[in-house]
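The values are calculated or read from the model by the stated rules, or taken from the named source; none is laboratory data. Computed from a predicted structure; not experimentally measured. All Cβ positions, glycine included, derive from the backbone under ideal geometry; neighbour counts span all protein chains shown. Side chains are part of the model used for accessible areas, which takes the heavy atoms of the whole protein and leaves out ligands, DNA and RNA. Shrake-Rupley method; radii C 1.70, N 1.55, O 1.52, S 1.80 Å.
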Amino acid sequence: MESIWKKTIEIEGRPSLKEDMETEVLIIGAGMAGILTGYMLMEAGKKVTVIEAEEIGSGQTGNTTAKITSQHNLVYDRLIQTMGKELAYEYAYANQSAIKEYERVIEKEGIVCDFKTCDAYLYSRRGAEGIKREVEAAGTLGLKAEFTKETELPFEVDGAVLFRGQASFHPLKFLQAVAGKLTVFCHTKALEVKEHSVRTTGGNIKAEAIVFACHFPFLNVPGYYFMRMHQERSYAIALKGVPVVQNMYLGVDEDGLSFRGYEDYLLIGGGSHHTGICEPEMGYAPIRLEAERYYKKGKEAAYWSAQDCMTLDGIPYIGHFSSSTNHIYVATGFGKWGMTSSMAAACLLRDLITGKEPVYEKVFSPQRFHLSASAKTLVQEGMHTVRGFTGKWSNLPQKDLKKLETGKGILIEYAGEKVGAYKDERGEVFLVSAICPHLGCELSWNPQEKSWDCPCHGSRFDYRGRLLDGPAQENLSAS
């Protein structure tokens, strides 16, 4: 399972940190948000160091569908209704400006990354009322939105929101070029943050400013981001031998799919679900079903999945980590719009750290709370967390482990402990703790990806117990 981006480029490795050091700005995380923030600060004259637990772009950046757009689902009508026109305008301005910033950096640095200007569409096959409201809302914010029923899709739509002048690119080609301008230490994991010092696996780093750009901040207090976000899985496949769309599409219906082209590949995405809650009809299944229906001659060339942090009100947290830590900053909760949000975050954090007056700080402030926009999600997340702490267990005695089905995982009581059990194709059984080491939630089995996932905060582990996604910081213990 590897994305089309990872199949077509391998970013050059960097050494790990081997001694204590000092820097002006330390950025934790070498994905798109971390590298872009570092680049913007470097342009502003700051001495920047980036550390990464794995390799550059090894996290969610390599698993995106790589759309650069200010069209983030039916967002503008909702923002105007729940937050007001001023904040909705800030959001629109930040993301539309991000497209121009990508163009600027690409031109300045001469980056070859298959950057392509194109149009973006939100479509519905189940009525056009929401589409029409979004067109009107976006228009009041200065965005050039149009209503249309004409698309390149292999089926008719009831209506679509059309944004012109959006873009797509190869994210890892871009990331490699920008990272080449920065000091980056890979395989250097941040373990602890105390005031201006970060303890890592390779040494201690002192910094005037610290930026968490590591997807989900592992620092629980202050900030309490684990209480204000959940994570979702989404899936994509790349088809060859089929007509390739020239623009970008996203279905706004519950089962709507994403479409975009890259060279002679058609990328189709969807199948989203809350991490830790994966049913057989989720994941790749609905994507492949639609691919078979409309692209019978298509050959699947790649498939991959991504994980996104979702905030209570659907807007990223970008800015000061908390009201009590003015030297620590954060960029997280990008939803499924990480490429555009990464650039918006980089520009905002640059302004905050260098003392420049930010243009769009308020809408992204991590200290905000809009009850009307967050109440429903807050209740839903509370239910997921309770489920995670009070999950139901199978009672399977030790002697019946041999009855486990090959290729499946199950939660059991084994030797007096609650564990996760998985049997591979050779019949070998792997037993791991079924309790997430982050905050003690009960894990659930993800049959799509053969992983143990946390329904509370989204940490994931492979069937051997090795950490795949945070905020957990350690592997599961073996039983």
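Taking a straight line from the alpha carbon of Lys18, these lysines sit under 18 Å away, with near neighbours fewer than eight places off in the same chain left out: Lys189, Lys206. Once all protein chains are placed together, Trp445 keeps about 40 Å² accessible to a 1.4 angstrom probe. Take the Cα radius of gyration of segment 1-115 and divide it by 2.2 N^0.38 Å, N being the number of residues; the result is 1.29.
Cβ neighbours within 10 Å, averaged per peptide: list 313-320, 90-97, 422-429 in order, most packed at the top.
On the way: 313-320: 24.8, 90-97: 21.4, 422-429: 12.5.
In descending order of packing, they fall as 313-320, 90-97, 422-429.
Projecting the Cα atoms of Cys186, Val105, Phe174 onto the dipole axis of segment 79-221, where Lys and Arg carry +1 and Asp and Glu carry -1 at the beta carbon, places Cys186 farthest toward the positive end.
Expected output is a single nm value to one decimal: the length gained when fully extending between Asn204 and Ala415, i.e. 0.36 nm times separation in residues minus the C-alpha distance. What is it?
71.9 nm
Comparing Thr140, Val245, Asn63 along the charge dipole axis of the chain, the residue lying farthest to the positive side is Asn63, per the Cβ-charge model.
Under 5 Å between amide hydrogens, built in the peptide plane, is the criterion, and for Ile111 it picks out nothing among residues at least 5 positions away or on other chains.
Cα centroids of segment 119-145 and segment 162-177: 22 Å apart.
Spin-label pair Glu300-Thr325: with each label point 7 Å from Cα along the Cα-Cβ axis, the two points sit 4.1 nm from one another. The helix-based estimate of mean residue ellipticity at 222 nm for the chain, built from -39,500 (n - 2.57) per DSSP H run of four or more residues and divided by its residue count, is -8000 deg cm²/dmol to the nearest 500. For the residue pairs Lys132/Lys362; Lys6/Lys240; Lys132/Lys240; Lys299/Lys408; Lys100/Lys173; Lys67/Lys100, the alpha carbons lie more than 23 Å apart in Lys132/Lys362; Lys132/Lys240; Lys299/Lys408.
At q = 0.09 Å⁻¹, work out log10 I(q)/I(0) for the chain with the Debye formula, treating every Cα as an identical point scatterer and leaving solvent out; two decimals please. Results for the chain at q = 0.09 Å⁻¹ read -0.61.
About its Cα centre, the chain has a charge dipole of approximately 320 debye under the convention of +1 per Lys or Arg Cβ and -1 per Asp or Glu Cβ, with nothing else charged. Each peptide among 330-341, 159-170, 410-421 gets the average number of other Cβ atoms lying within 10 Å of its residues, and from highest to lowest they stand as 330-341, 159-170, 410-421. Inter-label distance, Lys149 to Gln367: 5.1 nm, where each label sits 7 Å from its Cα along the C-beta direction. Normalising the average separation of contacting C-alpha pairs (under 8 angstrom, six or more residues apart) by the number of residues puts the relative contact order of the chain at 17 percent. Each peptide in 20-27, 471-478, 142-149 was scored by the mean count of other Cβ atoms within 10 Å over its residues; highest first, the order is 20-27, 471-478, 142-149.
Here's the list of aspartates and glutamates a cross-link from Lys47 could span, going by alpha-carbon distance under 20 Å and ignoring same-chain residues fewer than 8 apart: Glu19, Asp20, Glu22, Glu24, Glu109, Glu195, Glu208, Asp351.
Want the number for Ser97 to Thr183: 0.36 nm per residue separation, take away the alpha-carbon distance, what's left?
This chain segment gains 28.3 nm when fully extended.
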